[in-house]
1. Keeping to the stretch 128-147, report how many residues are surrounded by fewer than 14 Cβ atoms within 10 Å (Cβ to Cβ), part of a loop (DSSP other than H, G, I, E, B) and not acidic (Asp, Glu).
2. Quick check on this structure: which one of 67, 89 is open to solvent by 90 Å² or more (accessible area, probe 1.4 Å), in a helix (DSSP H, G or I) and not hydrophobic (A, V, I, L, M, F, W, C)?
3. Applying the selection to the stretch 34-53, what residues are in contact with a helix residue (DSSP H, G or I) (Cβ under 8 Å, 6 or more places away or on another chain) and either open to solvent by less than 70 Å² (accessible area, probe 1.4 Å) or not in a helix (DSSP H, G or I) (or both)?
4. Considering the stretch 94-118 alone, what residues qualify as being more than 21 Å from residue 138 (Cβ to Cβ), hydroxyl-bearing (Ser, Thr, Tyr) and in contact (Cβ under 8 Å) with a residue 12 or more places away in the chain?
5. Pick out the one residue from 123, 98 that is open to solvent by 40 Å² or more (accessible area, probe 1.4 Å), outside any helix (DSSP H, G or I), over 30 Å from residue 9 (Cβ atoms) and out of contact with any strand residue (DSSP E or B) (no Cβ under 9 Å at 6 or more places or on another chain).
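The values are calculated or read from the model by the stated rules, or taken from the named source; none is laboratory data. Quantities reported herein were computed from a predicted structural model and do not represent experimental measurements. Positions of Cβ are generated from backbone atoms using ideal geometry, with glycine treated the same way; all protein chains shown enter the neighbour counts. In case anyone asks, the SASA skips ligands and DNA or RNA and just uses the protein heavy atoms, side chains included. Shrake-Rupley method; radii C 1.70, N 1.55, O 1.52, S 1.80 Å.
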Amino acid sequence: AGESVDFIARRIMICAAEDVGLANPQALVVATSAADAVHRVGMPEAQIILSEAVIYVATSPKSNGAYNAITVKNTTTEKVPTHLMDAHYKGSAKLGHGIGYKYAHDYPNHYVDQQYLPDGLVGTKFYEPGDLGYEQEVKEYFKLIGK
């Protein structure tokens, strides 16, 4: 029985991350907390915890935006832009590290338009927010900062 409970808990976490995703980021928190609670409480009460988590995840809006944003396997490792490199050590300025860096919190909406991606990835779009749940807020934020 313990293995099947673990299997169900794992499936709920996977569904929360893979199918619900950023439409409701709390789904993964609920699923993970449920998995932990199942181990602490045990059966038969764990059934109630699993049921609650399943219902929460199943009734959440869905988005695969985070899943679609996975591009690490399709890109090469490139050099971080020099202005983003660590400038807290002696000699870093001689290498140009941190020179020209703009601190986002000093700008309206705590965002500043500067190059964050390596040269070879500039212009690459990794994530497109959907229309449901929390992703609506992400979309609004993108509009606010002009992205």
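1. Qualifying residue count for the region: 2.
2. Values: 89 fails: in a helix (DSSP H, G or I).
The match here is 67.
3. Once the filter is applied, which keeps residues that are in contact with a helix residue (DSSP H, G or I) (Cβ under 8 Å, 6 or more places away or on another chain) and either open to solvent by less than 70 Å² (accessible area, probe 1.4 Å) or not in a helix (DSSP H, G or I) (or both), the stretch 34-53 yields 34, 35, 37, 38, 43, 46, 49, 50, 53.
4. Hit for the stretch 94-118 is 101, nothing else.
5. Numbers: 98 fails: open to solvent by 40 Å² or more (accessible area, probe 1.4 Å).
None of the other options fit; the residue is 123.
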